[in-house]
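None of the figures in this text is laboratory data; all of them are computed from the coordinates on show. Note that this is a predicted model, so its numbers are computed, not measured. Virtual Cβ from ideal backbone geometry, glycine too; neighbours counted across all protein chains shown.
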Ligand code: 0X9
Ligand code: CA
Ligand code: ZN
């Protein structure tokens with residue numbers, strides 16, 4: 001059994017090194033202020049205890065060596081723990097950052113066709129400027145490093161808050177999931193560019209308020225582009241000297257319910273933060289939901305090709321399991337029609353893994369709206385994991401477009417127009433089915449408990 005796991009680990013490391021090869025060490029650079037070193041260890045040592053004891057980021061595997069990013073201050077302690085390592089920083093750090101930065105004109109650069117923060121800002125601003133009657137740029141909050149978190153509102157009369165359902169498309173919670181920024185951005189651009197020529201788009205834009213928040217974690221994205229491609233969290237400097245809070249563990253609904261899939265340990269990749277909404281980035285999303293009536297949401301991530309719905313924090317069906325099932329199945333059907341790619345659907349806790357404090361549990365748990373996590377392609381690590389190519393952007397956007405339009409359509413069709421924040425939502429039609437579902441109101445006690 002142990003042997004099998006070791007072999008699996010080796011295979012994964014080899015694959016990781018293969019997929020990372022395209023991103024080559026020469027492209028990586030680190031700010032001197034953080035005193036990071038790259039160390040190499042022989043993978044034949046048991047590295048699991050090492051990784052539990054020190055905040056290390058695996059960088060890549062190559063031959064018998066596994067490379068980790070580590071802060072200089074931990075080096076002595078690692079040595080004292082009996083691990084032998086070599087310092088390989090010079091192999092990775094390229095001085096003279098000049099030609100490593102994305103070009104000022106927004107084309108190409110380190111991140112190719114993907115958007116950096118700056119490239120995204122200029123794209124959002126030019127969309128808002130090109131369609132003043134249909135789009136307006138909001139800033140519901142700022143990141144830790146003071147970057148703006150943008151929300152592009154798309155509707156007729158975008159300057160007014162009309163009695164229309166809001167549908168939010170979020171991306172970029174996780175730094176390394178670059179494709180998750182592109183999909184909501186392209187959905188927004190598509191709606192604007194096709195308003196005049198497509199009656200269906202016009203109808204949806206006229207009767208809804210669509211919120212595009214393509215980049216929840218701008219600091220993390222920049223770090224992933226310029227420093228370390230596989231960075232996940234935000235860039236919070238934690239108590240123990242490690243960096244980052246996992247923003248998709250920082251929402252308040254059942255925050256820290258248990259330690260399965262979310263961690264109280266700051267150096268963990270799934271550190272949930274020191275409290276619910278401890279991070280300004282999640283606070284910005286809460287702010288957006290508090291000040292605007294949002295009736296449905298999709299949060300894009302990568303990778304795995306999944307359409308997930310609550311609950312994620314424990315493996316029980318919610319009272320709206322049947323509605324979630326049918327919406328997810330419809331969306332998966334629409335997606336498959338485009339490029340033939342299959343997205344599996346299911347409850348997040350069962351189909352992927354347990355976690356607490358994620359966006360969808362909060363949006364559903366607190367606002368009782370249909371909220372999905374869509375894990376974009378590829379389907380697995382073999383196909384590239386987090387590293388999509390530039391040519392993947394268009395087909396992945398195109399296959400997700402009909403599902404996004406469908407969710408807007410369903411939100412519009414079932415919107416009761418009460419003008420209240422919550423309103424009767426998509427659930428109404430399934431009222432009768434609900435009676436057959438198991439009694440499940442874990443959130444009842446939490447409803448309204450959160451400060452608004
Ligand atoms: O772990 C996450 O935050 C998401 N997956 S990712 O690989 N993009 O990081 C999925 C969250 C879905 N929710 C649950 N599984 N509870
Ligand atoms: Ca409107
Ligand atoms: Zn993610």
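Going out from 0 in 5 Å bins, what whole percent of all Cα-Cα distances in region 181-242 drops into each bin? Once binned at 5 Å, the Cα pair distances of region 181-242 give 4, 16, 17, 16, 11, 8, 9, 10, 5, 3, 1, 0. Note that region 205-287 carries a Kirkwood radius of 13.6 Å, evaluated over its alpha carbons pair by pair.
Taking only C-alpha pairs under 8 Å that are 6+ residues apart, what is the relative contact order of region 251-319 in percent? The value is 21 percent. Given R0 = 35 Å, the distance between the Cβ atoms of residue 77 and residue 274 translates into a calculated FRET efficiency of 0.90. What is the percent of Cα-Cα separations in region 228-366 that go past 27 Å? Of all Cα-Cα pairs in region 228-366, 24 percent lie more than 27 Å apart. Counting every pair of alpha carbons in region 117-436, the share spaced more than 24 Å apart comes to 50 percent. Using the Cβ-Cβ distance between residue 206 and residue 336 with R0 = 22 Å, the FRET efficiency computed as 1/(1 + (r/R0)^6) comes to roughly 0.15.
Extending 7 Å from Cα along the Cβ direction at residue 46 and again at residue 145 yields two label points whose distance is 3.8 nm.
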